[in-house]
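Colleague: Please see the structure below; I have some questions.
The values are calculated or read from the model by the stated rules, or taken from the named source; none is laboratory data. Predicted model only: the values in this text are computed from it and were never measured. Neighbour counts are summed over all protein chains in view; Cβ atoms, including those assigned to glycine, are modelled from backbone coordinates with ideal geometry.
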Amino acid sequence: MAASIVICANPKSRKPEDIPFCPSRRKLWNAIGLPVDRAFGSRGTSDRRWRVEEWRAHDVTLEDVTPKLATIAVEGPKSPDLLAAAGAPALETCYGANAEWGSALVARLNVTGGLGSFIIVPVAEKDGILRTLDAAGAVPADEEAFRVVRLEHGKPRYGEDISERYLAQEANQADALHFHKGCYLGQEIVERLRSRGLIQRVLKPLEIDGQRPPEPRTKLQIGGAPAAEITSAAYSPALGKVAALGYVRVEYAQPGTEMAAGELRARVRTP
């Protein structure tokens with residue numbers, strides 16, 4: 001079974017938070033707010049878990065199961081091998097593919113934008129799962145490690161790179177938009193932008209020379225003209241420079257386009 005990415009927008013198509021909805025074999029839907037209990041227990045800022053108890057036409061009943069469930073993120077190039085060594089079921093390669101593992105659900109979801117899976121498990125069984133992963137060779141990662149890898153992959157995070165300041169198309173979340181479904185909050189703005197192509201900025205990954213990340217909302221220019229505004233940045237040892245995300249004017253959004261802020265030198269990159 002696969003998952004769907006859903007944008008939660010207001011009537012003006014702003015606040016486009018993306019949430020994966022993941023169906024389990026129990027025919028219940030689990031909506032996981034990101035980030036979650038990642039890398040062995042650290043909590044993010046958006047950690048609510050919801051289970052759809054009933055879905056009939058346009059009527060949905062939600063149950064907040066945050067106190068009952070923990071979510072563990074296992075991510076990295078070797079994460080499938082590690083999960084196999086821990087005894088977790090093999091998953092299909094499509095995003096959101098999932099399978100039950102005892103009373104847990106393993107789903108191909110991620111925080112960083114790279115290869116990885118979530119283990120959604122009853123809170124009482126969380127420590128046992130962590131011990132199993134530790135025995136299989138898992139290495140705990142902290143908040144900053146996840147953030148650096150997320151920026152290397154160019155994956156935005158709600159609250160840093162996505163907020164009420166930005167429209168859904170500006171946030172570059174095309175996979176979460178559906179242009180043929182029924183009425184929903186913000187539909188008029190989403191359709192107007194699609195049909196008229198009116199956006200003036202778009203979220204793009206950037207690379208910045210040096211090791212010191214600039215502050216959020218640092219403005220970049222090209223020839224004295226506004227070109228981009230940084231939303232988040234962190235030094236990446238793998239890249240040997242700062243990886244960042246920022247909203248770039250569409251005329252400057254091509255990979256390789258260079259821009260500056262004082263002595264700071266940046267360019268649009270392909271993650």
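Colleague: Consider only pairs whose beta carbons are under 8 Å apart and that are at least six residues apart or on different chains; among these, list those whose first residue lies in segment 256-271 and is closer than 17 Å to T231 by Cβ and whose second residue is among the acidic types (D, E).
Modeller: Filtered contacts from segment 256-271: L264/D209; A266/E207; A266/D209; A266/E258; R267/E207; R267/E258; R269/E207; P271/E152.
Colleague: Another one. When you scan segment 214-248, how many residues do you find that are in a loop (DSSP other than H, G, I, E, B), surrounded by fewer than 20 Cβ atoms within 10 Å (Cβ to Cβ) and not hydroxyl-bearing (S, T, Y)? Outline the logic, then answer.
Modeller: Just the residues of segment 214-248 that are in a loop (DSSP other than H, G, I, E, B), to begin with: 214-218, 223-224, 237-240.
If we keep only those that are surrounded by fewer than 20 Cβ atoms within 10 Å (Cβ to Cβ) too, we end up with 215-218, 223-224, 237-240.
Those still in the list that are not hydroxyl-bearing (S, T, Y) too: 215-217, 223-224, 237-240.
Counting residues in segment 214-248 that are in a loop (DSSP other than H, G, I, E, B), surrounded by fewer than 20 Cβ atoms within 10 Å (Cβ to Cβ) and not hydroxyl-bearing (S, T, Y) gives 9.
Colleague: Suppose we filter segment 89-107 for residues that are in contact with a Pro (Cβ under 9 Å, 6 or more places away or on another chain) and closer than 11 Å to T132 by Cβ; how many remain?
Modeller: 2
Colleague: Now for a separate question. Of everything in segment 218-255, what is farther than 19 Å from K155 by Cβ and either touching an Asp or Glu at 6+ places or on another chain (Cβ under 6 Å) or touching a residue at least 24 places away in the same chain (Cβ under 8 Å) (or both)? Give them in sequence order.
Modeller: If the condition is that a residue be farther than 19 Å from K155 by Cβ and either touching an Asp or Glu at 6+ places or on another chain (Cβ under 6 Å) or touching a residue at least 24 places away in the same chain (Cβ under 8 Å) (or both), then T218, K219, L220, Q221, I222, A227, R249, V250, Y252 are the ones that fit.
Colleague: Against the conditions (1) part of a loop (DSSP other than H, G, I, E, B); (2) farther than 22 Å from G113 by Cβ; (3) at pLDDT 95 or above, where does L198 fall short? Just the number, please.
Modeller: (3)
Colleague: Follow-up question, since we're still on this one. Would you mind telling me which numbered condition in (1) under 30 Å from L245 (Cβ atoms); (2) at pLDDT 90 or above; (3) crowded, with 21+ Cβ neighbours inside 10 Å E144 fails?
Modeller: (3)
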